[in-house]
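Q: Let me give you the structure first, and then I'll get to my questions.
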Amino acid sequence: MIPGFLAGDISLYPLATRLQAEGHRVRFAGITANIACSRNQMARLESVLQKTAREAGGPVVVIGHSLGGIYARALARRLPDNVTHTFLMGSPIRGHLDTTNPLVRMIFIATRRPHHDGTTCISELSSLCGVHQNDPPSVPSTLIYSKSDGVVQWPACIEFAPHVEAIEVKSTHCGIPYNFDTLRIISDRIRAIGKLHKSAHSIDSSSDGAAQQPAHGH
């Protein structure tokens with residue numbers, strides 16, 4: 001789970017509590033305040049994702065709010081074998097800074113830092129230091145947005161692809177992770193993903209069993 005800009009893991013505790021109560025294992029991104037350079041943040045998130053997928057024994061669901069959703073999407077592009085589904089909540093994936101509240105944009109720009117190679121985050125704002133790409137990842141994704149967001153323009157939270165669904169909820173930007181409809185949408189889809197994987201595993205096991213049956217001659 002990846003928090004939004006300026007936020008930390010604690011901002012996603014209520015959603016995590018709901019998922020844990022349903023029997024799901026939850027791993028946080030380990031972020032106190034999401035203000036680090038996107039390039040550096042992604043390098044760390046990739047390590048967290050790879051470790052989580054290894055421990056889970058397969059691909060995992062990645063959930064992100066706002067900027068955290070942009071990172072979740074980028075992780076799915078970079079490490080598709082480690083991600084089974086992404087949930088983006090109020091994430092401006094199209095024209096992110098141009099579609100964001102001017103005050104939030106100003107704070108974001110003010111918190112950017114120089115890179116070790118002499119370049120700066122400012123010179124790579126449009127791609128978030130190379131993290132963000134326009135084409136959607138191949139991994140299925142659920143985009144949750146609100147027309148009353150107030151921080152990002154809602155059309156920026158939507159993209160179109162056969163494996164992408166966009167669902168509207170009634171919420172403020174900061175309230176999306178706590179919205180009851182958001183909780184229901186994520187919970188229902190994770191439950192469906194789990195059933196699908198169990199069914200696929202059952203089919204694989206049956207096939208293996210059939211293949212291992214000894215042949216009887218006549």
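The values are calculated or read from the model by the stated rules, or taken from the named source; none is laboratory data. Every value quoted in this text rests on a predicted model; they were computed, and no experiment measured them. No Cβ is skipped: glycine too gets one built from the backbone with ideal geometry, and neighbour counts run over all protein chains shown.
Q: Being closer than 23 Å to residue 118 by Cα and among the basic types (Lys, Arg) is the filter here, so list the residues in segment 13-48 that pass it.
A: Result: 39, 44.
Q: OK, next. Have a look at 29, 43, 33, 72 and point out the one that is more than 26 Å from residue 184 (Cα to Cα), touching a Gly at 6+ places or on another chain (Cβ under 8 Å) and hydrophobic (A, V, I, L, M, F, W, C).
A: The match here is 33.
Q: Identify, from the list 109, 2, the residue that is among the β-branched types (Val, Ile, Thr) and surrounded by 15 or more Cβ atoms within 10 Å (Cβ to Cβ).
A: 2
Q: Residues in segment 57-77: is at least one touching a helix residue (DSSP H, G or I) at 6+ places or on another chain (Cβ under 8 Å), without any contact (Cβ under 8 Å) to a residue 60 or more places away in the chain, of a type outside the set (Gly, Ala, Ser) and outside any helix (DSSP H, G or I)?
A: yes
Q: Given the conditions (1) surrounded by 13 or more Cβ atoms within 10 Å (Cβ to Cβ); (2) in contact with a Ser or Thr (Cβ under 9 Å, 6 or more places away or on another chain); (3) in a loop (DSSP other than H, G, I, E, B), and given that residue 19 satisfies all but one, which numbered condition is not satisfied?
A: Among (1) surrounded by 13 or more Cβ atoms within 10 Å (Cβ to Cβ); (2) in contact with a Ser or Thr (Cβ under 9 Å, 6 or more places away or on another chain); (3) in a loop (DSSP other than H, G, I, E, B), residue 19 violates only (3).
Q: Given the criterion within 16 Å of the chain's Cα centre (by Cα) and assigned to a loop (DSSP other than H, G, I, E, B), identify the matching residue among 25, 44.
A: Of 25, 44, the one residue that is within 16 Å of the chain's Cα centre (by Cα) and assigned to a loop (DSSP other than H, G, I, E, B) is 25.
Q: Scan segment 113-143 residue by residue and report those that are part of a strand (DSSP E or B) and closer than 15 Å to residue 64 by Cβ.
A: 141, 142, 143
Q: Before we move on, is residue 75 crowded, with 16+ Cβ neighbours inside 10 Å, of a type outside the set (D, E, K, R) and on the phi > 0 side of the Ramachandran plot? Spell out the reasoning first.
A: On the way: crowded, with 16+ Cβ neighbours inside 10 Å: yes; of a type outside the set (D, E, K, R): yes; on the phi > 0 side of the Ramachandran plot: no.
No.
Q: Considering (1) within 16 Å of residue 129 (Cα to Cα); (2) in a helix (DSSP H, G or I), say which one residue 81 fails and leave the rest.
A: Here residue 81 clears every test but (1).
Q: Kindly list, by first and then second residue, each pair from a residue in segment 30-48 that is closer than 17 Å to residue 73 by Cα to a residue that is in a helix (DSSP H, G or I) and at pLDDT below 95, limited to pairs with Cβ atoms under 9 Å and residues at least 6 apart or on different chains.
A: So the pair list comes out as 38/124; 38/127; 39/124.
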